[in-house]
Amino acid sequence: MEFSKELHDDIAAGDIGVSFRLWRRPHAKVGGRYAVGRVEIEVDSMELTRFADISDADLRRAGEHDREALRRRAAHSGPIGDDTMLYRIAFHVVG
């Protein structure tokens, strides 16, 4: 999994533990480990969720201030409407 460089420090600190991805198919797997900057993360869970159903708590866990900031960050793969399905990936730092 790749993350924007500006998120690496917050991921390493454990402040970010959720990511939302606009993928046609999964590009990560539960239990998989991925290098992110100077640390490694392990995926805890992955599920499809509707954009409009993303909670405020998950927005904060993803490091975003609001839904529109998340929409802009995730939309590099295509447009995101309220009914667009995104992968919600929860993870933790392992080293």
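The values are calculated or read from the model by the stated rules, or taken from the named source; none is laboratory data. Everything numeric here is computed off the predicted structure, so don't read it as measured data. In this analysis, Cβ positions are derived from the backbone assuming ideal geometry, glycine residues included, and neighbour counts consider all displayed protein chains. With ligands, DNA and RNA removed, areas are computed over all heavy atoms of the protein, side chains included. Shrake-Rupley method; radii C 1.70, N 1.55, O 1.52, S 1.80 Å.
Here's the yes/no breakdown for (1) open to solvent by 40 Å² or more (accessible area, probe 1.4 Å); (2) modelled with pLDDT under 95; (3) not in a helix (DSSP H, G or I):
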| residue | (1), (2), (3) |
| --- | --- |
| M1 | no, yes, yes |
| D10 | yes, no, no |
| D15 | yes, no, yes |
| A28 | no, no, yes |
| V43 | no, no, yes |
| D83 | yes, no, yes |
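Residues that are among the polar types (S, T, N, Q) and touching a residue at least 12 places away in the same chain (Cβ under 8 Å): does segment 55-74 have at least one? If you could, list the steps in order and put the result at the bottom.
Residues of segment 55-74 that are among the polar types (S, T, N, Q), as a first pass: 55.
Going one step further and asking which of them are touching a residue at least 12 places away in the same chain (Cβ under 8 Å), we end up with none.
No, segment 55-74 contains no residue that is among the polar types (S, T, N, Q) and touching a residue at least 12 places away in the same chain (Cβ under 8 Å).
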**Prompt:** Between residues in segment 1-18 that are under 19 Å from G31 (Cβ atoms) and residues that are open to solvent by 30 Å² or more (accessible area, probe 1.4 Å) and of a type in the set (D, E), which pairs lie under 9 Å by C-beta distance while being six or more apart or on different chains?
**Reply:** G17/D44
**Fill in**
By residue number, the members of segment 70-81 that are within 13 Å of the chain's Cα centre (by Cα) and open to solvent by less than 50 Å² (accessible area, probe 1.4 Å) are L70, R71, A74, A75
**Request:** Say whether the condition of being charged (D, E, K, R), touching a Gly at 6+ places or on another chain (Cβ under 7 Å), surrounded by 15 or more Cβ atoms within 10 Å (Cβ to Cβ) and assigned to a helix (DSSP H, G or I) is met by at least one residue in segment 57-69.
**Result:** yes
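Suppose we filter segment 17-26 for residues that are part of a strand (DSSP E or B) and either open to solvent by 20 Å² or more (accessible area, probe 1.4 Å) or at pLDDT below 95 (or both); how many remain? Write out each step before concluding.
Taking segment 17-26 as the starting set, the residues that turn out to be part of a strand (DSSP E or B) are 18-21.
Still in the running and either open to solvent by 20 Å² or more (accessible area, probe 1.4 Å) or at pLDDT below 95 (or both): 21.
Qualifying residue count for the region: 1.
Return the residues of segment 37-54 that are among the aliphatic types (A, V, I, L, M) and in contact (Cβ under 8 Å) with a residue 40 or more places away in the chain; say none if nothing qualifies. Before the answer, list the steps.
Taking segment 37-54 first, the residues among the aliphatic types (A, V, I, L, M) are 39, 41, 43, 46, 48, 52, 54.
Within segment 37-54, V39, I41, V43, M46, L48 meet the criteria.
Can you go through G78, G95, G37, G32 and tell me which one is farther than 17 Å from A13 by Cβ, modelled with pLDDT under 95 and not polar (S, T, N, Q)? Let's see the steps before the verdict.
Numbers: G95 fails: farther than 17 Å from A13 by Cβ; G37 fails: farther than 17 Å from A13 by Cβ; G32 fails: modelled with pLDDT under 95.
The match here is G78.
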